[in-house]
Amino acid sequence: MLGSRDPATLSHEELYKFSIEKPQEFWKHIANSEVEWAQPFQQTMDCDMIEAKFQWFLGGTLNASVNCVDRHARANPNKVALIWEKDEPGQEVRVTYQELQDMTSQIGNLLLDQGIKKGDIVAIYMPVSPLAVASMLACSRIGAIHSVIFAGFSSKAIASRVQDMQATAIITANESVRGGKTVPLRKTVQDALNEGLPSIKKVFVMKRTENLEDLAPTDIILDDAIKSFSTHCPAEIMNAEDPLFILYTSGSTGKPKGLSHSTAGYLTYAGFTQKQAFSYFDNNDVFGCVADIGWITGHTYVVYGTLMNGGTSVLFESSPTYPDPGRYWETVERLKINQFYGSPTAIRLLIKYGDEWVKKYDRSSLKTLGSVGEPLNHEAWHWFHDLVGEGRCDLVDSWWQTETGGIAIAPRPSAQGASIVPAKPMRPMFGMNPVLLDDKANELMGNDQSGALCLKTPWPGMARTVVGDHERFKQAYFTTYPGYYFTGDGAYRDKDGYYQITGRMDDVINVTGHRLGTAEVEDVLTDHPMVAEAAVVGFPHEIKGEGVYAYVILKLVDGEKLTEAQNSKIINELRQSVKKNISGFAVPEKLQICSGLPKTRSGKIMRRILRKVAANLPEELGDVSTLADPSVVDEIVANHIKLKL
């Protein structure tokens, strides 16, 4: 226990202080309170922030699907676990905990029947749906590791991930439906398989629509196949540190990283933060996180966190503007959503359509609003809080990462009656110990300070490694500032001690809430036979947060010039290539063909200059006389002005 006192008697300040000063005792209490263990753990933590080695709840055994489904099905089988908000409004499907347990067990038995076993990796490329959630849980039930790939990614992106993690099977759908349009998922998977993926032995396909023309003869139709399997599937007992899932995230260099999350630590943190950040203490509330399950937000707050707490989770398949810009709020009214968790990108988009689309619907069920993915600007914060939440709902502007596993900084939890400051994540979560470091790795003490945001104390939800490359994991997060987890973000701690994220410190940009490594886009651009070199930066975008701006040098002999039509053709080919190899959100919104890039005499690209040009701040370029060829800056600025026109 927490010393001699019941934790319920501690103030917020006392509990937070205890959580970072005595993490072993704090997390021991939380894990024992929140998790159903098959075998109790003997040691809470064994962590090394220098070597990037982390173990939590050693000796303990459990199963994720038992924790998320079975125990709630035993207690309240007819309680609604999932509400599938399908693309067309008014066609929602409710799934009880008993039905989810049956579906999960049937899929688990099907996977076992097809030779998938404990430790195998299963890729999931599916639309948001009960079958997708049940597929994730079925993997955990039999001890397989799932890796959900966002259903908007291209075949190349699927292929690179499957190849990297050596998945043995893939679960997909014939099509997805979003915004009244269908997307051919099975065809995209086939394009990936045509790249040569020998590790994939089985393909399972959910029938989302009636169009089955892209199916292969060997495909196993998920909906049909599970009907012949038992609704009883024994749960594989897993060690606390056994991997639960792999999720890929973009880095500043090289290919995306396959981050591995453990079973017990992740589940503990997901359930705990879902309760604390959103005040989800009444599990009869309807929790509406509208994120896709292909991202960490969907994993933690659509699936695992809410189900750990026995809650009702909304699966939102559609888009915020379909069939009209009132879709979110019509859904809130119809489903009586109590907590709504969305993205700043969507909020900024909806502001453009005016207030009437919000006022049209009853939002009195709302208790808490949440924002995730990128900083929420002041205009969007006030629109969301004052109009959507009628000024009476807490607005939880959260900061966290795929690597953290759950919310790390947010206005709630807090002391009774504590205020919320607009557009700031504000306070660290229990157990989270953020610090700001200068460029010499010194901790910046006191308030009114800006620096590199690092986390000083281990927490159970943290990722454990990069699949197949622990050295890369260590180098990416624990080498820049030895002894600390480096988030890659800069932050400002204001005079009151509240945190504000100031942006990425590496070459990663945030497009519509999706992290995108600039190197990843540059690699695709330079694959074009006419491209000699490319540099990609982000630029401020009023809807997306950041847009993609690409500077491209073509392979031309001295004096050669292309016509405007030839340049346009190349630009179009480059955009299509990025869409094909990564995804639509990665396509450069602005693409400038130039004769050179601003480089130092040692050959380093001065990206600072490219960012200033992209942000329409040529007056802030500073001294460029030390560049190898300062004249290229004038050309780039002139080209940028033409692009604006």
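Numerical summary
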quantity: Within the range 596-630, considering residues that are in a helix (DSSP H, G or I) and modelled with pLDDT under 90, the one nearest to Ala532 (Cα to Cα); calculated: Arg607
quantity: Any chance Val396 is buried (at least 23 other Cβ atoms within 10 Å of the Cβ) and either farther than 30 Å from Ser160 by Cβ or more than 24 Å from the chain's Cα centre (by Cα) (or both); calculated: yes
quantity: Matching residues, the range 377-391, being assigned to a loop (DSSP other than H, G, I, E, B) and touching a Lys or Arg at 6+ places or on another chain (Cβ under 9 Å); calculated: Asn377, Gly389, Glu390
quantity: In the range 82-91, the residues that are in a loop (DSSP other than H, G, I, E, B) and crowded, with 18+ Cβ neighbours inside 10 Å; calculated: Lys86, Asp87
quantity: Residue within the range 497-512 that is at pLDDT 90 or above and basic (Lys, Arg) present; calculated: no
quantity: Residues (surrounded by fewer than 24 Cβ atoms within 10 Å (Cβ to Cβ), more than 25 Å from Thr61 (Cβ to Cβ) and among the hydroxyl-bearing types (Ser, Thr, Tyr)) located in the range 259-309; calculated: Ser279, Tyr280
quantity: When residues of the range 518-577 are limited to those that are free of Cβ contacts under 8 Å to residues at least 12 places away in the same chain, assigned to a helix (DSSP H, G or I) and of a type in the set (Gly, Ala, Ser), the one nearest to Ala614 (Cα to Cα); calculated: Ser568
quantity: Selection from the range 37-46 of residues that are touching a residue at least 40 places away in the same chain (Cβ under 8 Å) and surrounded by fewer than 18 Cβ atoms within 10 Å (Cβ to Cβ); calculated: Ala38, Gln39
quantity: The listed residue being basic (Lys, Arg) and more than 30 Å from the chain's Cα centre (by Cα), out of Lys612, Lys580, Lys590, Lys599; calculated: Lys599
quantity: Candidate set from the range 432-451 (those that are in a strand (DSSP E or B) and at pLDDT below 95); member that is nearest to Pro482 (Cα to Cα); calculated: Gly451
quantity: Members of the range 351-371 that are within 14 Å of His385 (Cβ to Cβ), modelled with pLDDT of 95 or more and out of contact with any strand residue (DSSP E or B) (no Cβ under 7 Å at 6 or more places or on another chain); calculated: Asp355, Val358, Arg363
quantity: Subset of the range 138-187 [assigned to a loop (DSSP other than H, G, I, E, B), over 25 Å from Thr104 (Cβ atoms) and either of a type outside the set (Gly, Ala, Ser) or free of Cβ contacts under 8 Å to residues at least 40 places away in the same chain (or both)]; calculated: Pro184
quantity: Top-ranked residue in the range 224-233 [being outside any loop (DSSP other than H, G, I, E, B) and out of contact with any Phe, Trp or Tyr (no Cβ under 8 Å at 6 or more places or on another chain); ranked as farthest from Ile142 (Cα to Cα)]; calculated: Asp224
quantity: Of the criteria (1) surrounded by fewer than 22 Cβ atoms within 10 Å (Cβ to Cβ); (2) within 19 Å of Leu315 (Cβ to Cβ), which one Asn377 fails; calculated: (2)
quantity: Flag if Lys569 is touching a strand residue (DSSP E or B) at 6+ places or on another chain (Cβ under 9 Å) and exposed (fewer than 15 other Cβ atoms within 10 Å of the Cβ); calculated: no
quantity: Condition met for Tyr492 (surrounded by 17 or more Cβ atoms within 10 Å (Cβ to Cβ), out of contact with any helix residue (DSSP H, G or I) (no Cβ under 8 Å at 6 or more places or on another chain), farther than 29 Å from Pro588 by Cα and not charged (D, E, K, R)); calculated: yes
quantity: Verdict on Val388 being under 20 Å from Val508 (Cα atoms) and buried (at least 22 other Cβ atoms within 10 Å of the Cβ); calculated: no
quantity: Residue count for the range 166-196, restricted to those that are of a type outside the set (S, T, N, Q) and crowded, with 19+ Cβ neighbours inside 10 Å; calculated: 10
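The values are calculated or read from the model by the stated rules, or taken from the named source; none is laboratory data. What you see is a predicted model, and the numbers here were worked out from it, not measured in a lab. Every residue, glycine as well, gets a Cβ built from its backbone with ideal geometry; the counts of neighbours run over all protein chains shown.
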